[in-house]
């Protein structure tokens with residue numbers, strides 16, 4: 001499918017005018033729209049990946065209170081950054097953001113690059129994030145194509161490519177390059193995103209309220225509900241785990257720092273093991289794991305219950321136990337004994353926050 005075929009059936013100039021006029025009149029009052037600071041826009045776009053706007057707003061405010069500038073984030077301790085991100089999930093986003101911000105400080109004198117080539121080199125800055133920053137902060141007519149935008153354009157332009165396939169993104173990016181307003185690229189890109197969030201929703205789009213309905217080929221052909229074409233993801237792998245919240249005689253809790261690589265890297269946790277049903281004895285397996293892998297002797301007590309946490313590719317079902325430290329803890333870099341008040345200062349991944357909630361109800 002070549003470019004003229006994609007956009008050749010609509011009046012591009014009128015489409016732009018109708019879309020941007022609607023956005024200027026109806027846009028939501030969102031904190032990252034208050035100014036054009038590229039750092040603030042960058043933070044918001046990273047947070048908004050895989051996360052709802054309503055969830056992001058309080059995190060965005062808190063994060064910028066703690067790290068109001070590129071220098072502040074670049075100089076911050078990673079544990080403090082992860083603690084500020086706690087609960088947002090997809091924690092590699094926070095690590096990549098801090099790494100990229102340090103590069104901006106060191107290589108670009110603290111100024112976010114305004115060239116597509118340079119900004120795309122930054123860690124964690126993909127084509128969508130680069131396009132969003134360049135268009136919103138710098139007024140450069142670069143496409144910012146995410147799932148929302150692909151859904152909107154698949155309907156308006158009647159594009160039947162599978163949006164789950166990475167190769168399809170190029171088709172939509174080329175379409176945006178033809179459609180985008182060179183006078184108001186910021187409003188244009190944000191308008192497409194806003195249209196997908198408020199009107200052209202995944203199911204039951206509000207076509208009668210749509211400001212660009214007259215331009216929408218799918219609407220005129222009555223096939224808007226069939227678009228976009230999107231192949232289904234594989235179901236997350238089911239994983240059974242057992243975890244223990246270990247207390248010492250002073251009521252302190254044992255936590256471990258996870259390895260520097262892999263899932264939930266560098267976070268603090270209540271150590272857990274994968275269980276193979278129906279043969280495993282959870283208590284014996286946990287005690288053996290603590291003894292052999294961590295060098296800690298514990299006595300496993302009763303079960304506190306179960307928690308579930310679904311990652312994009314894993315579905316954790318965790319049986320949570322309380323345990324007692326049987327021998328004093330030897331000094332180990334990746335293990336700590338902390339009081340409950342002290343624990344609030346450590347970044348715990350969401351599944352481990354759920355385990356702590358179970359424990360807090362029982363004590």
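The values are calculated or read from the model by the stated rules, or taken from the named source; none is laboratory data. Source: prediction; values computed, not measured. FYI the Cβ positions are ideal-geometry reconstructions off the backbone, even for glycines, and counts take in every protein chain you see.
Just to be sure, is residue 64 within 22 Å of the chain's Cα centre (by Cα), surrounded by 15 or more Cβ atoms within 10 Å (Cβ to Cβ) and without any contact (Cβ under 8 Å) to a residue 12 or more places away in the chain? Against the criterion (within 22 Å of the chain's Cα centre (by Cα), surrounded by 15 or more Cβ atoms within 10 Å (Cβ to Cβ) and without any contact (Cβ under 8 Å) to a residue 12 or more places away in the chain), residue 64 does not qualify. When you check residue 293 against the structure, is it surrounded by fewer than 17 Cβ atoms within 10 Å (Cβ to Cβ), within 30 Å of the chain's Cα centre (by Cα) and not assigned by TED's automatic domain parsing to the domain that holds residue 85, yes or no? No; evaluated as a whole, the condition is false for this residue. If the condition is being surrounded by fewer than 16 Cβ atoms within 10 Å (Cβ to Cβ) and closer than 22 Å to residue 92 by Cα, then the stretch 305-342 contributes 308, 310, 312, 313, 314, 315, 334. Consider the stretch 238-256 and keep the residues that are surrounded by fewer than 18 Cβ atoms within 10 Å (Cβ to Cβ) and within 29 Å of the chain's Cα centre (by Cα). The one that is farthest from residue 288 (Cα to Cα) is 238.
From the list 17, 65, 45, 103, pick out the single residue that is in a helix (DSSP H, G or I), under 30 Å from residue 209 (Cβ atoms), out of contact with any helix residue (DSSP H, G or I) (no Cβ under 7 Å at 6 or more places or on another chain) and in the same structural domain as residue 187 (by TED's automatic domain parsing). Among 17, 65, 45, 103, only 17 is in a helix (DSSP H, G or I), under 30 Å from residue 209 (Cβ atoms), out of contact with any helix residue (DSSP H, G or I) (no Cβ under 7 Å at 6 or more places or on another chain) and in the same structural domain as residue 187 (by TED's automatic domain parsing). Residues in the stretch 86-99 include at least one that is outside the structural domain of residue 267 (by TED's automatic domain parsing), more than 16 Å from the chain's Cα centre (by Cα) and at pLDDT 95 or above. The criterion of at least 3 residues that are over 29 Å from residue 309 (Cα atoms) and assigned by TED's automatic domain parsing to the domain that holds residue 93 is met by none of the strands (runs of 3 or more DSSP E) wholly inside the stretch 188-289.
Buried (at least 23 other Cβ atoms within 10 Å of the Cβ) and either free of Cβ contacts under 8 Å to residues at least 12 places away in the same chain or assigned by TED's automatic domain parsing to the domain that holds residue 9 (or both): is that true of residue 136 in this structure?
Values: buried (at least 23 other Cβ atoms within 10 Å of the Cβ): yes; either free of Cβ contacts under 8 Å to residues at least 12 places away in the same chain or assigned by TED's automatic domain parsing to the domain that holds residue 9 (or both): yes.
Considered against the rule, which asks whether it is buried (at least 23 other Cβ atoms within 10 Å of the Cβ) and either free of Cβ contacts under 8 Å to residues at least 12 places away in the same chain or assigned by TED's automatic domain parsing to the domain that holds residue 9 (or both), residue 136 comes out as yes.
Set side by side, the residues 133, 140, 159 differ, and just one is over 27 Å from residue 37 (Cα atoms) and modelled with pLDDT of 95 or more, which is 159.
Residue-wise test of (1) surrounded by fewer than 17 Cβ atoms within 10 Å (Cβ to Cβ); (2) out of contact with any strand residue (DSSP E or B) (no Cβ under 8 Å at 6 or more places or on another chain); (3) not in a loop (DSSP other than H, G, I, E, B).
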| site | (1), (2), (3) |
| --- | --- |
| 73 | no, yes, yes |
| 111 | yes, yes, no |
| 131 | no, yes, yes |
| 144 | no, yes, no |
